[in-house]
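Student: Here it is, the structure, as structure tokens.
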Amino acid sequence: MTRMPEPLLEVRGLKKYFEIRKGFLMRTVGWVKAVDGVDLAGYPLETLGLVGESGCGKTTVGLCIARLYEMTSGKIYFQGADLTSLAGKRLRAMRRNIQIVFQDPQSSLDPRMTIKRSVGAPLAIHGLAKGRALEERVADLLRMVGLDPQHMNRYPHEFSGGQRQRIGIARALALSPKLLILDEPTSALDVSVQSQILNLLRDLQQRLRLSYLFISHDLGVVRYMSSRIAVMYLGKIVELAPSEDLFCMPLHPYTQALLSSIPSTNPAHRAMGVTLEGDIPSPANPPSGCRFHTRCTYARAECAKFEPALQDAGAGRYVACHFPLSDSR
Amino acid sequence: MGEKLLLQVENLHTYFYTLQGVIKAIDGVNLCVREGEILGLVGESGCGKSVTALSILGLVPSPPGRVEGGRILFEGEDLLAKTPAEMRSIRGSRIAMIFQEPMSSLNPVFRIGDQMIEVIKLHKKVSTGSARIQALEMLHEVRMPDPEAVLAKYPFQLSGGMLQRVMIAMALSCEPSLLLADEPTTALDVTVQAQILNLMKDLIRKRNAAVLLITHALGVVAQTCDAVSVMYAGTAVESGSVESIFRSPAHPYTRGLMECIPDPSRKSGKLKIIPGTVPDPVNPPPGCRFHPRCYKATATCSQIRPDPVRVGPDHVVCCHYPEEG
């Protein structure tokens, strides 16, 4: 892949803390550090995968980039322009460029709106089309995602899960965005339908020259979709690498454990190699130092004291570990 | 692994009578589980795998559901002929069950210890004190950190993985010979899933119990099971040993399922797809239920329901044109 020097999306030091409130006065008694200092760059036409287990903050990163959450601190640049400082009209104009597809098509579509209204809503809100023009645009969008435009006056409940996710994708494409944030777009679907949606997304990316931020917990799906992958653990990125390199030779012990805990579909390979002990610690009270040290098989004394920064490991790879796994594997 | 059959499901039919019509959730399913064997039951949502488990346990909600035909032989006895009271004493002691959501299968207002002790006392006629000791032993066995403290906790104080350990401990506390596990790791993260699956395998082997593992994840089956049955739209389309089915899937649906999952161990080109969606259970297609989505369907497939054909030792498929190789 030829990498453009200018990133489409740049995230710097993104933090999002949620307050924990308790008692009658609802005083703030603590903070859930859902995202705690994330740096990312997404390049034009690439798919950047974001993986991690539940509660690692991957969805929060997506929602902050779409500015659906107000971030606690940090900066987000889109095509060099600072998204964080925008408000009102200029924010709305910028939003056309970044759209999001949610996990559950059941709850992200209004059950009382026809498909025509749902898919056409972004166009109406931005005043881009109305009347016949809007109807034609909606028909185009539905055709693009493989649905019959004649069904546009139907309601979401008349469609299957896979079809609903196609509707969600059509709605996200209505404003011709440059970046699509895909938040677990196939997790709620059956495998036979999942492959249809994944292929559709790959086709659309080529046809419409889109960039994707693909958020998922399914490593197989992420590998299929992404050119580069960022692995998150407890609100931080622990490793970022081109997807082939990440799968062939993980540098962070967490990535290694994550990869080896995927059950292989080959019954001859019955080696659930490095399995992790214990659960993910609470993001309200993350461990000191390296957040992974409590579950890491290679942890040493310094891991509990000093927090490793995400460092350049060469060849477009970054890893946040004091003792990254060596190449001698 | 013994050769003796522990559970045999023959030509099971379970229907649900709804206002929309009769839902044939299970329409002629055959299964058998040998002693000490882990059988995987795979299929997409709505294919009837959970209803199969509920039918075995006699827990089909009725109305609207009813087991309309077939036989379920467990240790030689027909479970469908049992009275509700007899079934109650079998459930939990000889056949145990683990569900997908551990949080919703435990009572939120009772402590873990009370719930574990209740199960043991119900089936074993022991004192509360010795039931408590047994509960502690079981928690030890499922490698629960600090079991003593866990007994005094409420379900909401434990994580999903820990709760699933409690469920396994409870299910195995009465030494069942068959464990039904319905998507036991679906709600868990992959790293925790690996822990739970390894733990389940260990404990099962130690007790020589059999498991019917219901899942939609083929990877989980490949890693844990000895044999598999693949279900589609209320019917079992293929069954056999894990090695044989993963090496040479004979049903086009099984093959399609395997090819449409992105394999994390290698980068693939375009994913294969199975066109269309799962059929409406009220009006399933005639003949082979898979024919509207099958690439090799012919007129025969849309008219005649395929009978089981043996394609290998221990490998049976319901297809007019089974795949080769």
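Student: Distance between Cα centroids, region A:52-128 to region A:156-226: provide it in whole Å.
Tutor: After rounding, the separation between the Cα centres reads 15 Å.
Student: Shifting gears a bit: Order B:Ser89, B:Ser229, B:Ser105, most accessible first, counting only protein heavy atoms with a 1.4 angstrom probe.
Tutor: Details: B:Ser89 70, B:Ser229 5, B:Ser105 45 Å².
Sorted descending by solvent-accessible area, the residues read B:Ser89, B:Ser105, B:Ser229.
Student: What residues in region B:177-191 lose 10 Å² or more of accessible surface when the other protein chains are added to their chain alone (1.4 Å probe)?
Tutor: B:Asp189, B:Val190, B:Thr191
Student: Taking all protein chains together and a probe of 1.4 Å, list B:Tyr17, B:Tyr154 from the most accessible to the least accessible.
Tutor: Values: B:Tyr17 90, B:Tyr154 60 Å².
Of B:Tyr17, B:Tyr154, the descending order of accessible area is B:Tyr17, B:Tyr154.
Student: If you don't mind, another one. How big is the antiparallel share of DSSP beta bridges in chain B, given as a percent to the nearest 5?
Tutor: Around 65 percent antiparallel, to the nearest 5.
Student: Leaving out ligands, DNA and RNA, calculate the buried accessible area for the pair A and B with a 1.4 Å probe, summed over both sides, in Å² to the nearest 100.
Tutor: Values: alone 16500 and 15440 Å², together 28480 Å².
The A and B chains share an interface burying roughly 3500 Å².
Student: Quick one: which bits of region A:198-225 get at least 40 Å² less accessible when the partner protein chains are in, versus the chain alone, with a 1.4 Å probe?
Tutor: The answer is A:Asn199, A:Gly220, A:Arg223, A:Tyr224 - residues whose exposure falls by at least 40 Å² when every protein chain is included.
Student: Let me ask something else. What does the C-alpha gyration tensor say about the overall shape of region B:107-174? Classify as rounded when a/c is under 1.5, otherwise prolate if a/b is larger than b/c, or oblate. If you can, show how the numbers build up before the last one.
Tutor: Details: a/c = 1.70, a/b = 1.43, b/c = 1.19.
Prolate is the answer for region B:107-174, as a/c is 1.5 or above and a/b outweighs b/c.
Student: Then there is this: For chain A, find the longest principal axis of its Cα atoms and tell me its angle to the long axis of helix A:115-125, 0 to 90°, nearest 10.
Tutor: Its long axis makes an angle of about 80 degrees.
Student: Could you please state how large a percent of the accessible area of region B:1-71 is carbon and sulfur, counting protein chains only and using a 1.4 Å probe? Don't skip to the end; give the middle numbers.
Tutor: Values: 1590 of 2990 Å².
Whole-percent figure for carbon plus sulfur exposure: 53.
Student: If you don't mind, there's one more thing I want to ask. In deg cm²/dmol and to the nearest 500, what is the mean residue ellipticity at 222 nm of chain A if only DSSP H runs of at least 4 residues count, each as -39500 (n - 2.57), divided by the residue total?
Tutor: -9000 deg cm²/dmol
Student: Which distance in nm do the two modelled labels at A:Ser288 and B:Leu59 give, with both placed 7 Å along the Cα-to-Cβ direction?
Tutor: 4.6
Student: A further question follows. Once Lys and Arg get +1 and Asp and Glu get -1 on their Cβ, which of B:Ser173, B:Met138, B:Ala149 lies farthest toward the positive end of the dipole of region B:107-174?
Tutor: B:Ser173
Student: A follow-up question, please. Counting alpha carbon pairs within less than 8 Å and at least 6 residues apart, what relative contact order, in whole percent, applies to chain A? Don't skip to the answer; put the middle values down first.
Tutor: Numbers: 604 pairs, mean separation 63.9, N = 329.
Across chain A, relative contact order equals 19 percent.
Student: Okay, next question. Using a 1.4 angstrom probe with every protein chain in place, what is the largest-first accessible-area order of A:Arg295, A:Arg96, B:Arg66, B:Arg305?
Tutor: Numbers: A:Arg295 20, A:Arg96 85, B:Arg66 125, B:Arg305 105 Å².
My answer, sorted largest first, is B:Arg66, B:Arg305, A:Arg96, A:Arg295.
Student: Skip the ligands, DNA and RNA, and give the accessible area per residue of the protein assembly as shown with a 1.4 Å probe, whole Å². Could the numbers behind the result be given before it?
Tutor: Working: 28480 Å² over 654 residues.
In whole numbers, the protein assembly as shown has 44 Å² accessible per residue.
Student: Membrane-span-like helices in chain B: DSSP H runs reaching 15 Å or more (Cα, own axis), mean Kyte hydropathy at least 0.5? Numbers along the way, then the final one.
Tutor: Details: long enough: B:112-124 (18 Å, 0.12); B:128-141 (20 Å, -0.18); B:160-172 (18 Å, 1.29); B:190-207 (26 Å, 0.06).
Flagged H segments are B:160-172.
Student: For region B:42-85, what class follows from the C-alpha gyration tensor (a ≥ b ≥ c being the square roots of its eigenvalues): rounded when a/c is under 1.5, otherwise prolate if a/b is larger than b/c, else oblate?
Tutor: oblate
Student: Next question, about the same structure. Given the pairs A:Lys75/A:Lys178; A:Lys58/B:Lys49; B:Lys82/B:Lys206; A:Lys33/A:Lys58; A:Lys16/A:Lys116; A:Lys236/A:Lys305, which span a C-alpha to C-alpha distance of over 24 angstrom in this model? Show your work: numbers first, answer last.
Tutor: Numbers: A:Lys75/A:Lys178 19 Å; A:Lys58/B:Lys49 32 Å; B:Lys82/B:Lys206 30 Å; A:Lys33/A:Lys58 12 Å; A:Lys16/A:Lys116 35 Å; A:Lys236/A:Lys305 17 Å.
Listed pairs above 24 Å: A:Lys58/B:Lys49; B:Lys82/B:Lys206; A:Lys16/A:Lys116.
Student: Specify the angular offset, from 0 to 90 degrees and rounded to the nearest 10, of the alpha carbon long axis of helix A:191-208 from the longest principal axis of the alpha carbons in chain A.
Tutor: So the inclination is approximately 70 degrees.
Student: Turning to a different aspect of this structure: Taking only Cα atoms, what is the 0 to 90° angle, nearest 10, from helix A:131-144's long axis to the longest principal axis of chain A?
Tutor: 50
Student: Which shape class applies to the protein assembly as shown: rounded if a/c is under 1.5, otherwise prolate when a/b exceeds b/c and oblate if not, where a ≥ b ≥ c are the square roots of the Cα gyration tensor eigenvalues?
Tutor: Oblate shape, in that a/c is at least 1.5 and b/c is the bigger or equal ratio.
Student: Return the long-range amide H neighbours of B:Gly43 (sequence gap of 5 or more, or a different chain), with a cut-off of under 5 Å between placed amide H atoms.
Tutor: Residues meeting the amide H criterion: B:Thr215, B:Met231.
Student: Here's another thing I want to ask about it. Using each residue's phi in region A:56-66, evaluate 6.51 cos²θ - 1.76 cosθ + 1.60 at θ = phi - 60° and report the 3J(HN,Hα) Karplus result to the nearest Hz, with x for Gly and Pro.
Tutor: In residue order, the calculated couplings are 7, x, 5, 5, 4, 4, x, 5, 5, 5, 6 Hz.
Student: In percent, what relative contact order does chain B have, based on Cα pairs under 8 Å that are 6 or more apart in sequence? Please list the in-between numbers first.
Tutor: Values: 604 pairs, mean separation 66.1, N = 325.
This gives 20 percent for chain B.
Student: Additional query: For a quick check of understanding: with a 1.4 angstrom probe and all protein chains in place, what accessible area in square angstrom does B:Asp202 have, to the nearest ten?
Tutor: Accessible area of B:Asp202: about 70 Å².
Student: About its Cα centre, what dipole magnitude does region B:107-174 give when the only charges are +1 on Lys and Arg Cβ and -1 on Asp and Glu Cβ, stated in debye to the nearest 20?
Tutor: On the way: 8 positive and 6 negative charges, 30 e Å.
The dipole magnitude comes to about 140 debye.
Student: If I ignore ligands, DNA and RNA and count only protein heavy atoms, how much of B:Asp226 is accessible to a 1.4 Å probe, in Å² to the nearest 10?
Tutor: Spelled out: B:Asp226, probe radius 1.4 Å, area about 30 Å².
Student: Something else now. I'd like the accessible area for A:Ser73, computed on protein heavy atoms only with a 1.4 Å probe and all protein chains in place. Round to 10 Å², please.
Tutor: 50
Student: With contacts defined as alpha carbon pairs under 8 Å and 6 or more residues apart, what's the relative contact order of region B:107-174 in percent?
Tutor: Details: 68 pairs, mean separation 30.9, N = 68.
46 percent.
Student: Related question: Taking the Cα centre of the protein assembly as shown as origin, sum charge times position over the Cβ atoms of Lys and Arg (+1) and Asp and Glu (-1), and report the length of that vector in debye to the nearest 20. Display every interim value, and only then the final one.
Tutor: Numbers: 74 positive and 63 negative charges, 395 e Å.
With Lys and Arg at +1 and Asp and Glu at -1, about 1900 debye.
The values are calculated or read from the model by the stated rules, or taken from the named source; none is laboratory data. Small disclaimer: the values here were computed from a predicted structure and weren't measured. Don't worry about glycine lacking a Cβ; one is built from the backbone with ideal geometry, like all the others, and counts go over all protein chains shown. Heavy atoms of the whole protein, side chains included, go into the accessibility calculation; ligands, DNA and RNA do not. Shrake-Rupley method; radii C 1.70, N 1.55, O 1.52, S 1.80 Å.
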